[in-house]
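Asker: Below: one structure in structure tokens.
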Amino acid sequence: MTPTSLIGGHVSVTGGLAKGGLACMAEIGAEMIQVFVTNPRGWALAAGRPDQDALLAESGVDTFIHVPYLANFGSPSPETLANSVAIVRHTLRRGVDIAAKGVVVHTGSAVSQSRDDALRQLREHLLPLLDEIPDGGPDLLLEPMAGQGAMLCATVQDLEPYLAALDWHPRAGVCFDTCHAFAAGHDLAAEGGTRETFDLLHKIAPGRLKLIHANDSKDACGSKKDRHENIGAGLIGAPAFGEMMRHPAVAGVPICIETPGKTDKHREDIETLKRLRDG
Ligand SMILES: [Zn+2]
């Protein structure tokens with residue numbers, strides 16, 4: 001039997017990682033969760049609360065942590081680079097504390113420097129962090145972006161040089177965001193487009209897909225714009241998500257929404273995905 005993908009969402013942890021996060025999970029009908037453990041728009045290395053960490057770890061819920069958006073290992077700014085190292089190291093440690101399955105980090109941008117310099121910098125500063133992950137700790141999941149500006153990795157093909165810069169480290173996984181991939185030019189809405197995209201992902205990075213961010217897109221394929229939409233309300237459309245969940249490379253890979261709106265909308269998106277999975 002093919003393993004089933006758990007379907008869940010990014011949840012608020014107001015009130016505590018376990019208390020707030022698990023309550024929110026129940027409200028939206030999620031089977032897995034993604035959380036922030038620090039301010040998503042800052043660099044502060046927030047300490048956890050051991051009681052909440054233990055409760056979440058003991059809950060057995062599949063949990064992923066998203067690193068703050070500012071992290072960028074391709075940045076020419078020494079300050080941004082140092083902050084990126086500190087925040088990813090901190091988040092990986094927090095991942096151990098809460099028994100997270102994975103820590104998601106955006107693949108970043110070269111900004112004003114060359115792609116080669118940015119990839120060298122990635123190798124020098126991110127590879128050691130992958131080596132530090134203890135056995136049983138979370139994998140580091142690299143999330144390709146929509147492709148604006150000097151993004152280092154947007155298309156599935158871009159994953160090849162990116163992962164090569166990290167020596168194809170065994171703890172480097174992939175978090176595939178459907179909205180980002182569509183914006184980067186993978187036409188998931190076209191006949192066979194979803195199958196082709198996941199075939200290619202499996203060919204380039206076999207076994208590395210560890211999480212999917214399931215988001216519809218407000219903008220057209222190839223727009224390079226990163227504006228998430230509710231499932232079925234955007235230009236990707238619901239059928240593509242059904243096709244995705246039937247792809248063998250996606251079997252058992254958790255699926256997490258990061259869609260607009262509040263509880264009601266999120267519950268609806270999760271229901272839609274469950275229907276497409278189970279129907
Ligand atoms: Zn995402």
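The values are calculated or read from the model by the stated rules, or taken from the named source; none is laboratory data. Quick caveat, the model's predicted, so the values are computed rather than measured. Virtual Cβ from ideal backbone geometry, glycine too; neighbours counted across all protein chains shown. When the accessible area is computed, the model is the full protein with side chains, heavy atoms only, and any ligands, DNA or RNA have been set aside. Shrake-Rupley method; radii C 1.70, N 1.55, O 1.52, S 1.80 Å.
Asker: Consider residue 231 against the criteria (1) within 20 Å of the chain's Cα centre (by Cα); (2) more than 30 Å from residue 149 (Cβ to Cβ): it satisfies all of them except one. Which criterion is unmet?
Answerer: Only one criterion in (1) within 20 Å of the chain's Cα centre (by Cα); (2) more than 30 Å from residue 149 (Cβ to Cβ) is unmet by residue 231, namely (2).
Asker: Okay, moving on. The conditions are (1) touching a Ser or Thr at 6+ places or on another chain (Cβ under 8 Å); (2) open to solvent by 20 Å² or more (accessible area, probe 1.4 Å); (3) within 16 Å of the ligand (Cβ to nearest atom); (4) not basic (Lys, Arg), and residue 244 fails exactly one of them. Which is it?
Answerer: Condition not satisfied by residue 244: (2).
Asker: I would also like to ask the following. Specify the residue that is farthest from the ligand (Cβ to nearest atom); the eligible residues are those in the range 229-241 that are open to solvent by less than 20 Å² (accessible area, probe 1.4 Å) and assigned to a helix (DSSP H, G or I).
Answerer: In this case the residue turns out to be 240.
Asker: Could we say that residue 226 is without any contact (Cβ under 8 Å) to a residue 40 or more places away in the chain, part of a loop (DSSP other than H, G, I, E, B) and either within 15 Å of the ligand (Cβ to nearest atom) or under 19 Å from residue 185 (Cβ atoms) (or both) here?
Answerer: Working: without any contact (Cβ under 8 Å) to a residue 40 or more places away in the chain: no; part of a loop (DSSP other than H, G, I, E, B): yes; either within 15 Å of the ligand (Cβ to nearest atom) or under 19 Å from residue 185 (Cβ atoms) (or both): yes.
Answer is no for this residue.
Asker: Can you name the residue in the range 59-75 that is surrounded by fewer than 20 Cβ atoms within 10 Å (Cβ to Cβ) and without any contact (Cβ under 8 Å) to a residue 40 or more places away in the chain and is also farthest from residue 20 (Cα to Cα) among such residues?
Answerer: So in the range 59-75, the residues surrounded by fewer than 20 Cβ atoms within 10 Å (Cβ to Cβ) come out as 59-60, 62, 69-70.
From what's left, without any contact (Cβ under 8 Å) to a residue 40 or more places away in the chain: 60, 69-70.
Numbers: 60: 16, 69: 22, 70: 25 Å.
Ranking the candidates gives 70 first.
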